[in-house]
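The values are calculated or read from the model by the stated rules, or taken from the named source; none is laboratory data. As the structure is a prediction and not an experimental result, all values here were calculated from the model. For neighbour counting, all protein chains shown are included, and Cβ atoms are generated from backbone atoms with ideal geometry for every residue, glycine included.
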Protein chains: 2
Amino acid sequence: MHLTRFTDYSLRVLIYLAVKGEERSTITEIAETFDISRNHLMKVVQELGHKGYITAIRGKNGGLLLNRTPESIGLGQLVRDMEHELSLVECFRDHNDCIITPACRLKPILNEALAAFLAVLDDYTLADMLGQRQPHLARLMQIPTAEK
Amino acid sequence: MHLTRFTDYSLRVLIYLAVKGEERSTITEIAETFDISRNHLMKVVQELGHKGYITAIRGKNGGLLLNRTPESIGLGQLVRDMEHELSLVECFRDHNDCIITPACRLKPILNEALAAFLAVLDDYTLADMLGQRQPHLARLMQIPTAEK
DNA sequence: TTTAAATAGTATTTTACATGCATGTTTGTG
DNA sequence: CACAAACATGCATGTAAAATACTATTTAAA
């Protein structure tokens, strides 16, 4: 059971932007910080933009900004938005060949478990991901601290 | 987020054996019933045997039997046993390059969510998967009903 | 001793995911 | 206006995990 890197990278982007604060960040900068594929990151950013989490400003001196406060970004919603396939087993999907589905209690049980999983994440926001640790995170990501 | 077919098939095998009851079932029979790869099913059965869920009897007239009562087979344990990789994101794995791990709260939060997921499954057993539906399941799997 | 079954190991194929590349579009700056 | 810096988009390719296939071996009943 895995989340995709897509979701993982989404979280990293949001953390980065939150720590960076007012200042714009670029995709290149984030890709280099985490040493991950710039191309892949572009698509992550694109979708984060479409879903309203961030604002992407084109053109020279463009970049990315958080579009919502860290407190308002729930992790449950984020996972639901970014993890495209939340179908745990075959009988969750459109194409299902399992012959016992009509009588099988597996799907409702797994649905309940999935709901519990997401409910925990609903208790946390991006702000909780930072907490007191913002300075430590800033150091790790080599973001010059805001106070200048 | 998916469970592997390996885990899915494990559940199907256990359901089949539970409905079949005292009588032995063969891998071929189960593979044909669900129209899935016999070869893949072999490995599932092998591991279910190693983990003590079922007994495999070799030789002519051999076959498979449940080794424990349906009531004693918890779904949480089954998923923990059969789903080899329960590492949700990179920072759960041995090889982790994410530079913010030391300050990042993601891992503990996801761990809590995973625990909630498994806790729900711990509330159910193989017996709950059958319930009153045993006759319906038997029909769907084309198992002649026990009373003869 | 033949046959039907599980067991085991290896190889191949599939597929979702990730990555790369080329090109387009937008926008600030000189 | 031209350029450069940034995101946007579509298509092609790579890759690793999972699934499947193949082949041989072991076991035990008839």
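Restricting attention to region A:93-102, which residues are within 13 Å of DNA strand D (Cβ to nearest atom) and over 16 Å from B:I15 (Cβ atoms)? Those that are within 13 Å of DNA strand D (Cβ to nearest atom) and over 16 Å from B:I15 (Cβ atoms): A:R93, A:H95.
Pick from region A:27-43 the residues that are assigned to a helix (DSSP H, G or I) and of a type in the set (D, E): which of them is farthest from B:V89 (Cα to Cα)? Looking at residues that are assigned to a helix (DSSP H, G or I) and of a type in the set (D, E), I get A:E29. Against the numbered list (1) away from DNA strand C (no atom under 13 Å from the Cβ); (2) at negative phi, B:G21 comes up short only at (2). Please go through region A:120-139 and pick out each residue that is exposed (fewer than 14 other Cβ atoms within 10 Å of the Cβ) and facing chain B (nearest Cβ under 7 Å). Matches in region A:120-139: A:G131 only.
Applying the condition of being away from chain A (no Cβ under 11 Å) and outside any loop (DSSP other than H, G, I, E, B) to region B:11-26 and asking which residue is nearest to A:E90 (Cα to Cα) yields B:V13. Quick one: is A:N61 surrounded by fewer than 18 Cβ atoms within 10 Å (Cβ to Cβ) and at positive phi? Taking the combined requirement at face value, the residue satisfies it. The set of residues in region A:13-51 that are of a type in the set (K, R), farther than 15 Å from A:E83 by Cβ and out of contact with any Leu (no Cβ under 8 Å at 6 or more places or on another chain) comprises A:K20, A:R38.
Cβ separations smaller than 7 Å between residues 6+ apart or across chains give the following pairs from region B:27-51 residues that are within 13 Å of chain A (Cβ to nearest Cβ) to residues that are of a type in the set (A, V, I, L, M, F, W, C) and surrounded by 13 or more Cβ atoms within 10 Å (Cβ to Cβ): B:I30/B:V13; B:I30/B:L41; B:A31/B:L41; B:T33/B:M141; B:F34/A:C98; B:F34/A:I99; B:S37/B:A31. The residue that is surrounded by the most Cβ atoms within 10 Å (Cβ to Cβ), counting only those in region B:64-78 that are touching a helix residue (DSSP H, G or I) at 6+ places or on another chain (Cβ under 6 Å) and either part of a helix (DSSP H, G or I) or among the aromatic types (F, W, Y) (or both), is B:L75. Residues in region B:19-56 that are in contact with a strand residue (DSSP E or B) (Cβ under 6 Å, 6 or more places away or on another chain) and either at pLDDT below 90 or not polar (S, T, N, Q) (or both): B:R24, B:L48, B:G49, B:I54, B:A56.
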